[in-house]
Amino acid sequence: MTIKRFSIGNGKAELIGWIHPDYSLERASAIKERPSLIICPGGGYAFHSVIEEDEALSALYAAGYNVFSLHYSVGEEIRKSEPEKELAIAVSLLKTKAEELGLGHKVAVMGFSAGGHLVASFCCHLKDYDSVCSPEAAVLVYPVITMGYWGHKGSRDLLCHGDKERELHFSLEGQIYSGFPPVFIFHTEEDELVNVRNSLMFYMELVEKGIPSEYHVFEKGLHGMALGDVASGMHYECANAWFGLLLRWLSEKLDFKS
């Protein structure tokens, strides 16, 4: 494993990557090009969830992907540097430096909770960025979608700081367009912090716009459960189920079999 770190933008954002070595140097039949996933952990735009980051990084790396975690701007840093722009820079970096870093050219973006909002917002606003920033797929795990009634107040306050125009811009309902990347969504009805209506309203609009998408909602599972690792204190049977479904979906959308 090679670990790489990149400063992103002009703020304190950082991209940390776990990259597979080129095994074909020892075995000609080994995989030469692996897709990359950028993980945006949750934390209500106040911090980065260590549990979500660690569980996703290790599991996706073990599944054969090159995996990166984006420590995007949070808290007061958001007033200086926009998280969405930082994600755009991160995707562009991996695509433009793919050969130099030993990566495949396909990139998926994955976000948990507020990180899910970041990923969905980036995809909703792709027209504001260069085409090289476009990901091949997006994964939303119990995502914040709206800045309205069903949204997460802490995320709204830190991202929008009372600015009504920003609240409208970052309320993602109604912003899906025909060129949206394929989307995978996981949520639970039991989620006590981000109401399941967030992901439901987003999925319904994806269907209306004809965007390839999967929506998996389970009855049990608290917010922040991530992959349900026993060591994290949140073990749910649906954790293995949703992650297994995700791996199948990613394999299809990124045309990758490890």
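The values are calculated or read from the model by the stated rules, or taken from the named source; none is laboratory data. On a predicted model such as this, the values are computed, not experimentally measured, just so you know. In this analysis, Cβ positions are derived from the backbone assuming ideal geometry, glycine residues included, and neighbour counts consider all displayed protein chains. With ligands, DNA and RNA removed, areas are computed over all heavy atoms of the protein, side chains included. Shrake-Rupley method; radii C 1.70, N 1.55, O 1.52, S 1.80 Å.
For the residues 74, 141, a 1.4 Å probe over the protein chains yields an accessible-area ranking, largest first, of 74, 141.
Once you keep just the Cα pairs under 8 angstrom separated by 6 or more residues, what percentage relative contact order results for the stretch 1-62?
Numbers: 52 pairs, mean separation 12.7, N = 62.
Relative CO of the stretch 1-62 lands at 20 percent.
Alpha carbon centre of the stretch 169-217 versus the stretch 38-113: separation in Å? Cα centroid of the stretch 169-217 versus Cα centroid of the stretch 38-113: 20 Å apart.
In the chain, helical runs assigned H by DSSP with n ≥ 4 each contribute -39500 (n - 2.57); averaged across all residues and rounded to the nearest 500, the mean residue ellipticity at 222 nm is -10000 deg cm²/dmol.
With the cut-off at under 12 Å, measuring from each backbone N in the stretch 66-85 to a point 7 Å along the Cα-to-Cβ line of residue 7 picks out no residue. Among the listed options (i) 12.2; (ii) 15.0; (iii) 13.1, the one matching mean projected area of the Cα convex hull in nm² as calculated from these coordinates is (iii).
Rg and Dmax of the stretch 98-211, based on Cα coordinates, read 14.4, 46 Å.
Normalised by the number of residues in the chain, the average gap of Cα pairs under 8 Å and 6 or more apart makes the relative contact order 17 percent.
Couplings for the stretch 30-46, taken from phi via the Karplus curve 6.51 cos²θ - 1.76 cosθ + 1.60 with θ = phi - 60°, read 5, 5, 9, 10, 10, x, 10, 10, 9, 9, 10, x, x, x, x, 6, 10 Hz in order; Gly and Pro are left as x.
Coupling constants for the stretch 67-74 follow from the phi torsions by the Karplus curve (6.51 cos²θ - 1.76 cosθ + 1.60, θ = phi - 60°), and in residue order they are 10, 10, 10, 9, 8, 6, 5, 9 Hz; glycine and proline get x. The local environment of residue 40, defined by Cβ-Cβ distances under 11 Å, has a net charge of -4 under the rule Lys, Arg +1 and Asp, Glu -1. If the label point is 7 Å along Cα→Cβ of residue 62, which residues in the stretch 94-113 have backbone nitrogen under 20 Å from it? Hits in the stretch 94-113 for residue 62 at 20 Å: 110-112.
The alpha carbon convex hull volume per residue for the stretch 149-258 rounds to 129 Å³. Mind running the shape call on the stretch 64-109? Use the C-alpha gyration tensor, a ≥ b ≥ c as the square roots of the eigenvalues: rounded below 1.5 for a/c, prolate if a/b tops b/c, oblate otherwise. Taking the square roots of the gyration eigenvalues as a ≥ b ≥ c, the stretch 64-109 is prolate. For residue 46, nonlocal amide neighbours, meaning residues 5 or more places apart or on other chains whose placed amide H falls under 5 Å from its own, are 75.
For the stretch 78-173, the set of chymotrypsin sites (Phe, Trp or Tyr not before Pro) satisfying both a DSSP loop assignment and a count of at most 13 other C-beta atoms within 10 Å is given as 149. What the Cβ-Cβ distance of residue 220 and residue 28 gives, at R0 = 41 Å and to the nearest 0.05, is a FRET efficiency of 0.30. Evaluated over the stretch 61-217, the count of Lys pairs having alpha-carbon atoms less than 24 Å apart is 18 (only pairs 8 or more residues apart or interchain). The angle between the Cα long axis of helix 83-96 and the main principal axis of the chain comes to about 20°, on a 0 to 90 degree scale. For the stretch 1-127, the calculated P(r) over all alpha carbon pairs, in 10 Å bins from 0 to the bin holding the longest distance, is 13, 46, 31, 8, 2 percent. Restricting the stretch 175-220 to GluC sites (Glu not before Pro) that sit in a DSSP loop and have at most 15 other Cβ atoms within 10 Å of their own Cβ leaves 189, 190, 192, 219.
Relative to the longest principal axis of the Cα atoms of the chain, helix 50-62 runs at roughly 30 degrees. By accessible area, using a 1.4 Å probe on protein heavy atoms only, the chain has 52% of its surface on carbon and sulfur. With all protein chains kept in place, the per residue accessible area of the chain amounts to 44 square angstrom at a probe of 1.4 angstrom.
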